[in-house]
Amino acid sequence: MPYLEETYDVVVAGGGHAGCEAALACARLGLETIMFTVSVDSIALMPCNPNIGGSSKGHLVRELDALGGEMGKNIDKTFIQSKMLNESKGPAVHSLRAQADKQEYTRQMRKTLENTDHLTIRQAEVSEILVEAGKIQGVKTLSGAVYHSRAVILATGTYLNARCIYGDVSNPTGPNGLQAATHLTDSLKANGVEMFRFKTGTPARVDKRSIDFSRMEEQLGDKRIVPFSFSTDPESIQKDQVSCWLTYTNEETHKIIRANLDRSPLFSGAIEGTGPRYCPSIEDKVVKFPDKERHQVFIEPEGLYTNEMYLGGMSSSLPEDVQHAMYKTVPGLENVKIVRNAYAIEYDCINSLQLKATLEFKAIEGLFSGGQFNGSSGYEEAAVQGFMAGVNAAMKLLGRKQYVLDRSQAYIGVLIDDLVTKENHEPYRMMTSRAEYRLLLRQDNADLRLRAIGHEIGLVSDEEYERTVRKEKDILAEVERLENTNIGASERVQNFLRAHGSTELKTGATLAELVRRPELDYFMLTEIDEKMPDLLEDTAEQVNINIKYEGYIRRQKQQVAQFKKLESRKLSVDFDYSTVNSLRKEAVQKLNQFKPMSIGQASRISGVSPADISVLLVHLEQSRRGRRE
């Protein structure tokens, strides 16, 4: 029987946040790309929370934007509330978070994809990968159609053998009742891919008209909105914002949950998959934190043209009747009407240790993967992996160098390095605490760190790159001016210091020394600095941070220099570590399993001790001397 047969450069399986970024990266680099999705209507779907960004996740989105990705631009077009989190803390943990209009987010991303040259969208289920002699040849769909390609990127999200569960109800569907992908797992296993079973969950969606907001705390957006994308004009997005709301569970809520734990599939064994530690269900929180009298519940709108509200913090897989009872104990939700029940979702994903740092499978050349399929959680983590998988697939086909961001360059580097070097037995979530050099990897300087790389890849325009170069020059020039501008102890200066609760000067000081005072900042200097240039808002912010945290930044740069030394000591991915005397058996096993690219990467593998690293360094030095002699 004849089947449809087509040829592309790249096949992308999945149209979620990872698939979109992967497909756009490849197509924008001139490769003929086809993206498969089980439903065209679910492109860039937000099946869980209606927001982009948040603690550490905001860093990922801004880094992605700096490299030439799309997520930041898309949320700037479709947000309904924006907020910079952690502003009371230092700049290293400031994180942007925006509530999205879910339907508009999907529509805008789909519009972008549909109008990108070299990109074809196809609604179909990929059922097989085609591999010959360890090399990818393309894919086959459920209909039997064959799509030949030189690279395949798997971005299947939570759809593989998915089932949605609450109470005794178990539906073999993907998120939001969409069709699951039920055939690809068998093909992957047949080709030697090791699979895991993970779980995540989502709370109920409720009718806005049934909520008593007077019993809740209103959560407003920022007065001055900061865009996610460095390409977005800040003035173009200043607009009226919708409110979110905060309420809390109570002892009555917890009593209902505890009384029904035997009916929870999470505790009865009906759910096999491992769930995310840092985003637990409400029943999990009640069990693990019995001393807590209440838990936060965020009421978030799903969009401007719907009455559905998301109950953040109350994901659950409890039975329907228990959900109705427990939600109604929460202040403001006494008369709530549920539109969509909360549910848990189980799905197949891979053991990410099978991947190179480029997100290409070690055992199957030309097969890449990204997103929740790699065992991570979150839209933002998915998007950045999809982007890097797309870039590296494109670079491979174009015969160019591939890109691996290290831990000192980007949160993206931390995320991917953790996935490919550490054993992850639960969905991986990005957190600021995972980044050793977070004072350097701030969300505000992502363009200064990564625009040059995005330009080199070919996904950042000359104009955008030149703007970043100008910004960097302006920052350096202004910092130098402040360091070298002395100001005397005039009455005007003393009045300025008194007005801001700062100690008066006994002798002269530089303007930079004043900025370093905790109670002062660069922006306040407008009152006494007549030569202050008219800098752009984000440029002035960099001047302020660079001066205020100069000592900490210098120290962290020294730490990075040490890190780079270990990263520069390259290891062969074909090396057999059993030939190295004095390495412990566990280290030999782990090193042969992971095949690290450098001493630095080897040092981060669980089971490889500092003593093992010392042995490796001695072996490398002896090998180098032997080659020289």
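The values are calculated or read from the model by the stated rules, or taken from the named source; none is laboratory data. These figures come from a predicted structure and were not determined experimentally. Glycine also receives a Cβ, built like all others from the backbone with ideal geometry; neighbour counts cover every protein chain displayed. Quick note on the areas: whole protein, heavy atoms, side chains included, nothing else; ligands and nucleic acids left out. Shrake-Rupley method; radii C 1.70, N 1.55, O 1.52, S 1.80 Å.
When only alpha carbons are used to place a centre, the range 367-382 and the range 529-578 end up 27 Å from one another. Run down the aspartates and glutamates and flag those whose C-alpha is under 19 Å from the C-alpha of residue 531, throwing out any fewer than 8 positions away in its chain. Cα-Cα hits under 19 Å: 474, 478, 480, 483, 491, 513, 521, 541. Label separation (residue 277 vs residue 88): 2.7 nm, computed from points 7 Å beyond Cα along the C-beta direction. The range 11-87 and the range 181-216 have Cα centres separated by 18 Å.
Shape of the range 105-157 from its Cα gyration tensor (a ≥ b ≥ c, root eigenvalues): rounded if a/c is under 1.5, otherwise prolate when a/b > b/c, or oblate? Judged from the Cα gyration tensor, the range 105-157 comes out prolate (a/c at least 1.5, a/b above b/c). In this view, the solvent-accessible surface of residue 4, computed with a 1.4 Å probe and all protein chains in place, comes to about 90 Å². Using only the Cα atoms of the range 154-248, build the gyration tensor, take square roots of its eigenvalues as a ≥ b ≥ c, and label the shape rounded, prolate or oblate: rounded if a/c is under 1.5, else prolate if a/b is larger than b/c, else oblate. It comes out oblate by the Cα gyration axes. For the chain, the antiparallel share of DSSP beta bridges with both residues in that region comes to about 70%. Take every pair of alpha-carbon atoms less than 8 Å apart whose residues are at least six positions apart; their mean separation over the length of the chain yields a relative contact order of 16 percent. Surface calculation, 1.4 Å probe, protein heavy atoms: residue 564 sits at approximately 80 Å² accessible. A DSSP coil position with no more than 14 other Cβ atoms inside 10 Å describes the following GluC sites (Glu not before Pro) in the range 1-107: 87.
Compare 429, 442 by solvent-accessible area with a 1.4 Å probe and give them largest first, with all protein chains kept in place. Don't skip to the end; give the middle numbers.
Values: 429 70, 442 5 Å².
I get 429, 442, largest accessible area first.
For the chain, the square roots of the Cα gyration tensor eigenvalues, ordered a ≥ b ≥ c, give a/c of at least 1.5 with a/b no greater than b/c, which places it in the oblate category. For residue 451, neighbours were defined as the other residues whose beta-carbon sits under 12 Å from its Cβ, and their charges (Lys and Arg +1, Asp and Glu -1) total -4.
Computed over neighbours whose Cβ is under 11 Å from that of residue 156, the net charge equals -2, Lys and Arg +1, Asp and Glu -1.
Residue 401 contributes about 120 Å² of solvent-accessible surface, heavy atoms of the protein only, 1.4 Å probe. Taking the charge dipole of the chain about its Cα centre, with +1 at Lys and Arg Cβ atoms and -1 at Asp and Glu Cβ atoms, the residue from 286, 341, 210 reaching farthest to the positive side is 286. So what does log10 I(q)/I(0) come out to for the range 3-72 at q = 0.16, 0.18, 0.21, 0.26 Å⁻¹, using the Debye formula with one equal point on every Cα and no solvent? Cα-only, vacuum Debye calculation for the range 3-72: -0.64, -0.78, -0.97, -1.21.
Assuming R0 = 30 Å, what is the FRET efficiency of residue 183 and residue 553, from their Cβ-Cβ distance, to the nearest 0.05?
Numbers: r = 51 Å, r/R0 = 1.71.
E between residue 183 and residue 553, to the nearest 0.05, is 0.05.
Counting only lysines at least 8 places from residue 292 when in the same chain, those with an alpha carbon closer than 26 Å to its own are 89, 199, 255, 328. The distance linking the range 272-336 with the range 231-266 is 7 Å (Cα centroid to Cα centroid, whole angstrom).
Taking the Cα centre of the chain as origin, sum charge times position over the Cβ atoms of Lys and Arg (+1) and Asp and Glu (-1), and report the length of that vector in debye to the nearest 20. Could you put the intermediate results ahead of the total?
Details: 79 positive and 87 negative charges, 349 e Å.
Magnitude of the dipole: close to 1680 debye.
Each helix, a run of at least 4 DSSP H residues, gives -39500 (n - 2.57); summed and divided by the residues of the chain, these come to -11000 deg cm²/dmol at 222 nm. Scalar couplings 3J(HN,Hα) for the range 427-436, obtained by applying the Karplus form with A = 6.51, B = -1.76, C = 1.60 to θ = phi - 60°, are x, 7, 10, 6, 9, 4, 5, 6, 8, 5 Hz; x denotes Gly and Pro. Check cross-link reach from residue 471 to the lysines: straight Cα distance under 18 Å, and skip same-chain residues fewer than eight apart. Cross-link targets: none qualify. Over the Cα atoms of the range 208-328, each weighted equally, I'd like the Debye log10 I(q)/I(0) at q = 0.12, 0.18 Å⁻¹, rounded to two decimals. Here the Debye-derived log intensity ratios amount to -0.58, -1.01. Dipole of the range 94-197 computed with +1 at Lys/Arg Cβ and -1 at Asp/Glu Cβ about the Cα centre; of 158, 195, 96, farthest Cα towards the positive end is 96.
Could you put 95, 243, 55 in order of accessible surface area, largest first, with the 1.4 Å probe and the full protein assembly present? Please list the in-between numbers first.
Details: 95 0, 243 30, 55 55 Å².
Putting 95, 243, 55 in descending order of accessible area: 55, 243, 95.
Taking all protein chains together and a 1.4 Å probe, the residues 215, 434 rank 215, 434 from largest to smallest accessible area.
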